[in-house]
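The values are calculated or read from the model by the stated rules, or taken from the named source; none is laboratory data. Owing to the predicted nature of the structure, the values given are computational and were not obtained by experimental measurement. Neighbour counts run over all protein chains shown; Cβ positions are idealised from the backbone, glycine included.
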Amino acid sequence: MARHNASQTIARGAGRQKRGVCDSFPMSSAQQSTVVLIVEDEPEIATQIARRLEAEGWKAHTVGDGHAGVEAATTLHPDLIVLDVMLPGIDGLEVCRRIQADQAADGRPAAPILMLTARDDETDMLIGLGVGADDYMTKPFSMRELLARLKVLLRRVERARHTPAAAGEPPLVLGDLVIDRAARRVSRDGGEAHLTPTEFDLLVCLALSPRAVLSRERLLAEVWDWADASGTRTVDSHVKALRRKLGPDLIRTVHGVGYALEPTS
Ligand code: CA
């Protein structure tokens, strides 16, 4: 797949005024010091990533095992997390779960998580489980591509922080599903669900066209700003996570095409 297109896609996106139909939030131009937590037990890889991010003017904090990763996510409040799957102590899958549970319990916004896997079948396993990571990369990867993907995730955080366009808008009500875009809260049948920023954006995208079938490629472009179709498995992973959190019947799979949100009362 044409990996090299990623940075070109982002470069085009940066100067674009008109954004996707699902994206009602303007971008902030404010430059903040981005804090990235790197959970990786291979010192060489961890150092390489940290150096590349620091060259970008970001702050990189590296830890070498799962327990330290969970703790650092709570104390550092990073903007982004790069998380290796195979770690001493607890694995990346459990680290991901614990970090997201801690954030939900504290009412903190979820920091996007990019997971690093050693093999493609590891990625398949994680996607199959619907682990709520925001993106996946298989080792070995290029630092350039990692940075490009992290920038995409960072834009999502920025959008979540700055939602004036949605303020005062009435919630989207689709049967028993209520989506408050201003507060970025979701409930179904009265019960609140804690979604990651990516899961929330994906749900809004589907909910804006209820019952319409949206292709994986369309969702990828709208929600992830990602033109490279190799990321379609990431869409599948997030649909699984939404089904786990909101019920299996809410999002219909149209085999070979994509997904549709089916409101129920
Ligand atoms: Ca490892």
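Among residues of the range 109-120 that are away from the ligand (no atom under 12 Å from the Cβ), those with a beta-carbon under 7 Å from a residue that is of a type in the set (Lys, Arg) at least six positions away or on a different chain give the pairs Pro112/Arg156; Leu114/Arg149. Give the range 234-265 a look and list any residue that's out of contact with any Phe, Trp or Tyr (no Cβ under 8 Å at 6 or more places or on another chain) and of a type in the set (Lys, Arg), or say none. Across the range 234-265, the qualifying residues are Lys240, Arg243, Arg244, Lys245. Taking the range 135-151 as the range and being free of Cβ contacts under 8 Å to residues at least 24 places away in the same chain and in contact with a Ser or Thr (Cβ under 8 Å, 6 or more places away or on another chain) as the test, the residues that pass are Met137, Thr138.
In the condition set (1) part of a loop (DSSP other than H, G, I, E, B); (2) in contact (Cβ under 8 Å) with a residue 60 or more places away in the chain, Val204 is compliant with all but (1).
When Glu192 is tested against the conditions (1) at pLDDT 90 or above; (2) outside the structural domain of Leu116 (by TED's automatic domain parsing); (3) acidic (Asp, Glu); (4) in a helix (DSSP H, G or I), the lone failure is (4).
Scanning for something under 24 Å from Phe200 (Cβ atoms), modelled with pLDDT of 95 or more and either over 17 Å from the mean Cα position of the chain (by Cα) or not polar (S, T, N, Q) (or both), does the range 59-71 turn up at least one residue? Looking for residues that are under 24 Å from Phe200 (Cβ atoms), modelled with pLDDT of 95 or more and either over 17 Å from the mean Cα position of the chain (by Cα) or not polar (S, T, N, Q) (or both), one finds at least one in the range 59-71, hence yes. Per the conditions (1) modelled with pLDDT under 95; (2) within 15 Å of the ligand (Cβ to nearest atom), the sole criterion not satisfied by Asp84 is (1).
Just one of the listed residues (Leu150, Leu172) is modelled with pLDDT of 90 or more and crowded, with 18+ Cβ neighbours inside 10 Å, namely Leu150.
Consider the range 229-244 and keep the residues that are out of contact with any Gly (no Cβ under 7 Å at 6 or more places or on another chain) and surrounded by fewer than 20 Cβ atoms within 10 Å (Cβ to Cβ). The one that is farthest from Leu129 (Cα to Cα) is Ala229. Only residues that are of a type outside the set (Val, Ile, Thr), surrounded by 17 or more Cβ atoms within 10 Å (Cβ to Cβ) and either more than 19 Å from Asp41 (Cβ to Cβ) or touching a residue at least 40 places away in the same chain (Cβ under 8 Å) (or both): list them for the range 53-85, please. Listed by number, the residues that qualify are Leu53, Trp58, Pro78, Asp79, Leu80, Leu83, Asp84. Taking Asp65 as the residue in question, decide whether it is within 14 Å of the ligand (Cβ to nearest atom) and out of contact with any Ser or Thr (no Cβ under 6 Å at 6 or more places or on another chain). Criteria met by Asp65. Of all residues in the range 71-81, those satisfying the criterion of being in a helix (DSSP H, G or I) and either of a type in the set (Ser, Thr, Tyr) or within 16 Å of the ligand (Cβ to nearest atom) (or both) are Thr74, Thr75. Might you let me know whether the range 26-36 holds any residue that is modelled with pLDDT of 85 or more, more than 20 Å from Phe141 (Cα to Cα) and more than 19 Å from the chain's Cα centre (by Cα)? Scanning the range 26-36, I find at least one residue that is modelled with pLDDT of 85 or more, more than 20 Å from Phe141 (Cα to Cα) and more than 19 Å from the chain's Cα centre (by Cα), so the answer is yes. Screening Arg97 on (1) without any contact (Cβ under 8 Å) to a residue 60 or more places away in the chain; (2) more than 12 Å from the ligand (Cβ to nearest atom); (3) within 14 Å of Leu37 (Cα to Cα); (4) under 15 Å from the mean Cα position of the chain (by Cα) shows it passes everything except condition (3).
Here the condition is being more than 13 Å from the ligand (Cβ to nearest atom), closer than 17 Å to Glu199 by Cα and hydrophobic (A, V, I, L, M, F, W, C); of Leu146, Leu150, it holds for Leu150 alone. Hey, does the range 205-213 have a residue that's at pLDDT 95 or above, surrounded by fewer than 23 Cβ atoms within 10 Å (Cβ to Cβ) and touching a Gly at 6+ places or on another chain (Cβ under 7 Å)? Yes, some residue in the range 205-213 is at pLDDT 95 or above, surrounded by fewer than 23 Cβ atoms within 10 Å (Cβ to Cβ) and touching a Gly at 6+ places or on another chain (Cβ under 7 Å).
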